[in-house]
Amino acid sequence: MYADLGHFRKNPIRFAWIMVAFPSLVLNYFGQCALLLDDPTKRSNPFFLMIPEMVFWPVFVLATVATVIASQALISGSFSLISQAIALGFFPRTKIYHTSSSSYGQVYIPLVNWSIAVLCIAFVLIFQTSKNLAAMYGLAVAANMVGTSLVLMLVMHHVWLWHWWSITFYATTILIIDFCLLIASMEKMASYAWVSLLLGAFFSMIMLVWTDCRDELALRTPSTTNLRLLVNGWTEESQVTVINTVGVFLDNLAGEGAPQVLAQLLQTLHVFPEIIVILHVHFLHIPFVPRAEQVLYERVSERVHHITFFVGFADPKPNILEVYQRTASDFAISGSVQRSVSFFLGGRDVVVRKGATHFVRCKWKIFEVLQSNQLPAFRFFYLPTQLTIRLGQIIEVW
């Protein structure tokens, strides 16, 4: 039930659900319903009370092991979700370890692991009884099912291009059942079930603030300088100092625009590398990208090259140095072997203009805290520190 595409392909997940998980759940719940219809007094714990005494302890051990496996799968799923959210730009960067060299999607995130550990210990100490914890879990599952169904309807409309009557049929069947379960779970609000909603709102707030502020910064710092025009201006400019090195500029924008850090280097310091490589890492909304389709190369001029590296959200983080070396070798970038390499990163510090509303100040304060605590880009992309140069920029918002 907790498998995801980061660990398994879709066919094994479908097979396991249809042939194992779904029939087992149906038989289990039907058996409990039959027990309660026959003897309502056993509603305190129908699962264990319906087990014959002869096989009680073997089933008890099996249920305990299954609980441990499910908890481990849930933790691994949390790692995958955060990793994919980071890849899609919905969550601040954090340290991610890839635990397998042969299988994609096997990741470990220390921040998520320790956060789950602290929250679990805190919940056990605060709520004390499994009844209160079960109430939290029940409401969280019901709300998750409703949210999943609503998002699935958007996928049906925008991605699968289903007809409206098909979406309506789904909404009037599955979605109505999900809403009934959610409404029925609302009675658990008095048993601390509201904590799960509070946690969900907290993480939603982080993601919304992060994406909204990043989008606003992107609009306030557009790369309007055409790369070809910038190169032509550089070749005609006599006051520019040319450095005998290969400058690799990480770009957040795809297209013909010059990276902001490149324009800043020219306009502020009047310096240009001899060979310029614009490298754009593009995270796609698919789990994996085949190796043969990862690199898109364009020779802008003899001295300027543009590389787009495609990464799936379940792929390992790219090592920028290896990406550059691989592309320079495959496409024979002239002068790349004889010269040293320097990596250029851009940075943005935000200043809130006086007179801004309290809401705006609070939003940007949260973003500032998130940005200051995220993993630096040079660590996220495994850039060598001695070869990395960072140029900052101050942006005023309101």
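The values are calculated or read from the model by the stated rules, or taken from the named source; none is laboratory data. All values derive from a computational prediction rather than experimental measurement. Cβ placement follows ideal geometry from the backbone for every residue including glycine, while neighbour counts extend to all protein chains displayed. Areas reflect the complete protein model, heavy atoms only, side chains present, ligands, DNA and RNA absent. Shrake-Rupley method; radii C 1.70, N 1.55, O 1.52, S 1.80 Å.
Spin-label model, Val20/Lys354: points 7 Å from Cα along the beta carbon direction are separated by 6.6 nm.
Return the aspartates and glutamates within reach of Lys42: Cα separation strictly under 17 angstrom, same-chain partners fewer than 8 residues apart disregarded; answer none if there are no such residues. Hits, sequence-local ones excluded: Glu53. Using a 1.4 angstrom probe on heavy atoms only, work out the carbon and sulfur share of the accessible area of region 339-398 in %. Here carbon and sulfur together make up 57 percent of the probe-accessible area. Taking Lys and Arg as +1 and Asp and Glu as -1, the other residues whose beta-carbon sits under 14 Å from that of Ala34 total 0.
Per residue, the average separation of C-alpha pairs within less than 8 Å and at least 6 apart gives the chain a relative contact order of 15 percent.
Spin-label pair Arg390-Leu125: with each label point 7 Å from Cα along the Cα-Cβ axis, the two points sit 3.4 nm from one another. For region 277-303, the residues whose amide N sits under 16 Å from a probe point set 7 Å from the Cα of Phe90 along the beta carbon direction are 283-288. Stretching Val61 away from Phe8 to a fully extended chain increases their span by 16.4 nm, per 0.36 nm per residue minus the current alpha-carbon distance.
Relative contact order for region 239-312: what percent, with Cα pairs under 8 Å and sequence separation of 6 or more? This gives 33 percent for region 239-312.
Report summary: the helix-based calculation at 222 nm, which adds -39500 (n - 2.57) for every DSSP H run with n ≥ 4 and divides by the residues of the chain, gives -16000 deg cm²/dmol. Applying the Karplus relation 6.51 cos²θ - 1.76 cosθ + 1.60 with θ = phi - 60° to region 343-351 yields 3J(HN,Hα) values of 9, 10, 10, x, x, 9, 10, 9, 10 Hz, where x marks Gly and Pro.
Tell me which aspartates and glutamates have Cα within less than 17 Å of Lys317's Cα, excluding those fewer than 8 residues away on the same chain? Of all the aspartates and glutamates, those that pass the test against Lys317 - Cα under 17 Å, at least 8 places apart if same chain - are Asp251, Glu293.
What angle, in degrees between 0 and 90 and rounded to the nearest 10, separates the Cα long axis of helix 194-220 from the longest principal axis of the Cα atoms of the chain? Tilt relative to the chain: about 20 degrees.
Computed from point charges on the beta carbon alone (+1 for Lys and Arg, -1 for Asp and Glu), the dipole magnitude for the chain about its Cα centre is near 520 Debye.
Rounded to the nearest 0.05, what FRET efficiency do Thr173 and Thr148 have when you use their Cβ-Cβ distance and R0 = 22 Å? So the FRET efficiency works out to roughly 0.90.
For the options Leu88, Leu217, Leu175, a Gaussian network treatment of the chain with springs between C-alpha atoms closer than 10 Å singles out Leu175 as fluctuating the most. Between His282 and Phe309, Phe310, Val311, the built amide H atoms are under 5 Å apart, and every one of these is 5 or more places off in sequence or on another chain.
Here's the picture: charge each Lys and Arg Cβ at +1 and each Asp and Glu Cβ at -1 in the chain, and of Asn113, Asn28, Ile320 the one pushed furthest to the positive end of that dipole is Asn113. In the full protein context, the chain carries 61 Å² of accessible surface per residue, based on a 1.4 Å probe and ignoring ligands, DNA and RNA.
Can you tally the net charge around Glu368? Count Lys and Arg as +1, Asp and Glu as -1, for every other residue whose Cβ sits under 12 Å from the Cβ of Glu368.
Here the charged neighbours net out to +3.
For Leu81, project a label point 7 Å along Cα to C-beta. Then give me every residue of region 186-209 with its amide nitrogen under 19 Å of that point. The answer is 193-209. Per-residue surface analysis assigns Trp398 an accessible area of about 130 Å², computed on protein heavy atoms at 1.4 Å probe radius. Couplings 3J(HN,Hα) of region 306-318, computed from phi: 10, 10, 10, 10, 8, 9, x, 5, 9, 6, x, 4, x Hz, in residue order, whole Hz [Karplus 6.51 cos²θ - 1.76 cosθ + 1.60, θ = phi - 60°; x for Gly and Pro]. A Förster distance of 22 Å, applied to the separation of the beta-carbon atoms of Trp164 and Met207, puts the FRET efficiency at 0.15.
Under a 5 Å amide H cut-off, with hydrogens placed 1.01 Å from N, Val107 pairs with Thr99 among residues at least 5 apart or on other chains. If you take the Cα centroid of region 73-142 and the Cα centroid of region 318-380, the two points sit 26 Å apart. A straight Cα-to-Cα reach below 19 Å connects Lys10 with the aspartates and glutamates Asp315, residues fewer than 8 places away in its own chain not being considered. If one takes the longest principal axis of the Cα atoms in the chain, at what angle in degrees, from 0 to 90 and to the nearest 10, does the Cα axis of helix 227-236 lie? The angle comes out near 20 degrees.
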